[in-house]
Structure formats: C-alpha cells, structure tokens
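Chemist: Mind looking over this structure? Questions follow.
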Amino acid sequence: MGSLLQVTVPYADIYTWEIAPIPPREMWRHINQEQQRQMLSALTGAKAMHEIRLTNKGEVPWTTGPATIFKKGTPLGQQLLTYTSVKNKVDVPVTIATDLNTKREETEVGREPNSVRIGDHNYTKVSLHGKLTVTNFKDRPVHLYITRKTYGTATSATANGKIVLTNILEDTSLGRDRYPWYWWSSWPWWVFSANPISEISWEAEVPAGKSATFEYDWYYYAY
C-alpha cells in the first residue's frame with residue numbers, strides 16, 4: 001500500500017512548561033475533594049515537556065490525527081497533531097523533559113483588608129510574588145517557553161516576561177479537558193467579578209548546565 005502524503009518539513013526542538021491556574025485559598029472551601037485531587041495532580045504533573053515544532057511547507061493542510069515521532073527508527077512517543085494550514089506551524093508533544101529540573105515558589109507578600117469596594121462589598125487585596133527556576137542538565141542549550149496563568153492581576157515579570165489579561169469567557173485555553181475544576185462547581189460570584197485571568201509567558205534560551213530564573217508579581221481580590 002502506498003503512502004497518501006509524504007513531505008519533508010523544517011522542525012525545531014522546543015521545551016515548554018505550563019503551570020496550571022489554581023484558585024486562591026479563599027476558594028478551596030467551595031471545591032470538593034475530587035476537584036482538589038485534580039488540581040493537585042495538575043500542579044505535581046506540571047513538568048517541562050519536550051515538543052517538536054513543525055512547519056507545514058507542503059501544498060495541502062494537515063488534518064487532525066495521531067502522530068508517532070521516531071528518532072533513528074526508535075519511537076519516542078505518540079501524540080495528537082492538530083489541524084495545520086499550509087505555511088503554518090504546529091507543536092507536537094513528545095515526552096516529559098527529564099533533563100530539565102523545574103521548581104516553582106510562590107509566597108504571599110501583602111494583605112490589605114477593605115482595599116477596594118465594588119458595589120456593596122469590600123474586598124481584601126492579596127499580593128503574591130512568584131519565582132520559577134529551570135535547570136538544564138542537558139549537554140546542549142534548550143529553547144524554553146513558560147506559561148503561568150493566575151487568578152487575578154499580574155503586574156510585573158522579569159526576563160522580558162509578557163503579561164496578558166483576559167476573563168474566563170474570553171480565555172479559550174481554559175477548557176474542560178485541561179482544567180475541569182473550572183466547570184464543576186458553582187463558583188462564588190466575586191471570583192470573576194473582581195478578578196481577571198492573567199497569563200504570563202516567557203521565551204528563553206537556557207545554556208547547558210545552567211539555571212534560569214523567572215519572577216513575577218500579582219494580586220487578587222477576595223471577598
């Protein structure tokens with residue numbers, strides 16, 4: 001049986017680290033045990049991933065389907081390749097990057113009761129500082145992409161981090177399959193009436209045997 005399509009395309013090895021958005025501690029009393037288990041699993045499973053970035057240089061789009069990645073005849077993994085139009089790029093996960101050590105630290109640095117009044121309610125402003133560290137144990141540099149989502153307003157980020165603010169209805173990445181705890185419970189009205197969703201993203205080259213640190217500040221309002 002002959003092949004339907006064969007094409008040689010450019011590719012690049014990239015590494016990604018995505019930290020899932022977890023509700024502030026004031027929210028936990030509204031979340032059941034199954035949702036707590038899902039959130040803790042998402043946090044502990046948030047490891048750096050090795051992915052390959054493909055550019056469709058062919059003459060037809062690629063449809064969504066399973067993709068098996070081989071290296072010198074040895075399979076490395078199988079993941080979903082999503083629809084990719086001609087000249088567009090797609091990232092395909094390969095496996096957890098075991099040679100990249102990741103560490104997340106986050107501390108509360110301030111709490112201001114009655115900081116703001118919205119409608120008939122006073123809100124407490126809770127300020128936090130985060131620090132993400134990646135250590136590259138590979139014998140070559142890696143191209144790294146980090147995404148950190150938070151409830152609340154991100155105000156600053158080191159290492160040329162980019163900040164985007166949205167709300168939960170606009171953020172299409174907050175799907176049921178990735179973050180099911182968003183959709184299972186009746187969330188208190190104040191969570192999204194007083195807070196946006198922040199996304200902080202970084203792109204960096206981490207040299208072999210070196211560590212890179214990414215810091216950020218954010219706050220949220222709690223009722």
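Chemist: Too long at a 18 Å Cα-Cα cut-off: which of LYS103/LYS131; LYS47/LYS162; LYS149/LYS210; LYS87/LYS162; LYS47/LYS87?
Modeler: LYS47/LYS162; LYS149/LYS210; LYS87/LYS162; LYS47/LYS87
Chemist: Can you tell me the 0 to 90 degree angle between the C-alpha axis of helix 33-44 and the longest principal axis of the chain, rounded to 10?
Modeler: 60
Chemist: Given the Cα-Cα distance of ALA208 and ILE96 and 0.36 nm per residue of separation, how much length would full extension add, in nm?
Modeler: Extending this stretch completely gives an extra 38.6 nm.
Chemist: In which sequence would PHE192, PHE214, PHE70 go, from the one with the fewest C-beta neighbours within 10 Å to the one with the most? Write out the running numbers ahead of the final one.
Modeler: Working: PHE192 14, PHE214 22, PHE70 9.
Starting with the residue having the fewest Cβ neighbours, the order is PHE70, PHE192, PHE214.
Chemist: Using a Gaussian network model of the chain with C-alpha springs under 10 Å, which one of THR55, THR63, THR82 is most mobile by mean-square fluctuation?
Modeler: THR63
Chemist: If you place +1 on the Cβ of every Lys and Arg and -1 on the Cβ of every Asp and Glu, how big does the dipole about the Cα centre of the chain come out, in debye to the nearest 20?
Modeler: Around 360 debye, computed over the chain.
Chemist: Related question: Quick check: residue separation of GLN36 and ASN160 times 0.36 nm, minus the Cα distance between them. What number comes out in nm?
Modeler: 41.4 nm
Chemist: So what is the calculated 222 nm ellipticity per residue for the chain, using -39500 (n - 2.57) for each DSSP H run with n of 4 or more, over all residues, to the nearest 500 deg cm²/dmol? Don't skip to the end; give the middle numbers.
Modeler: Working: 2 runs with 16 residues, N = 223.
It lands at -2000 deg cm²/dmol.
Chemist: Could you check which residue among LEU128, LEU100, LEU144 shows the biggest mean-square fluctuation in a GNM of the chain with a 10 Å Cα cutoff?
Modeler: In this elastic network of the chain, the residue with the biggest mean-square fluctuation among LEU128, LEU100, LEU144 is LEU128.
Chemist: Taking Cα Rg over 2.2 N^0.38 Å as the quantity of interest, determine which of (1) 1.18; (2) 1.13; (3) 1.27 was computed from the displayed structure.
Modeler: Given (1) 1.18; (2) 1.13; (3) 1.27, the structure-derived one carries the label (1).
Chemist: Can you find, among THR213, LEU165, ILE200, the residue sitting farthest towards the positive end of the charge dipole of the chain, where Lys and Arg contribute +1 and Asp and Glu -1 at Cβ?
Modeler: Projecting each Cα onto the dipole axis, the largest value belongs to THR213.
Chemist: Related question: What does the charge count around GLY209 come to, taking other residues whose C-beta lies under 11 Å from its C-beta (Lys +1, Arg +1, Asp -1, Glu -1)?
Modeler: Result for the neighbourhood of GLY209: +1.
Chemist: What is the fewest-to-most order of TYR221, TYR145 by other Cβ atoms lying within 10 Å of their Cβ?
Modeler: By the 10 Å Cβ count, ascending: TYR145, TYR221.
Chemist: Considering only VAL60, VAL92, VAL191, give the residue with the highest GNM mean-square fluctuation for the chain, with springs between Cα atoms whenever their separation is below 10 Å.
Modeler: Maximum fluctuation in the GNM of the chain, among the listed residues, is at VAL60.
Chemist: For TRP17, TRP28, which order do you get if you count the other beta carbons within 10 Å of each Cβ and list the fewest first?
Modeler: Fewest-to-most Cβ neighbours within 10 Å comes out as TRP28, TRP17.
Chemist: Which log10 I(q)/I(0) values does region 1-115 give at q = 0.11, 0.14, 0.19 Å⁻¹ under the Debye formula, counting every alpha carbon as one identical point scatterer?
Modeler: -0.58, -0.79, -1.09
Chemist: Determine, from the Cβ-Cβ distance of SER193 and ASN88 and an R0 of 30 Å, the FRET efficiency 1/(1 + (r/R0)^6), rounded to the nearest 0.05.
Modeler: 0.20
Where a number appears in this text, it was derived from the coordinates with a stated rule and is not lab data. Everything quoted here is computed from the prediction, not taken from an experiment. Reconstructed Cβ throughout: ideal geometry from the backbone, glycine too, with neighbour counts over all protein chains shown.
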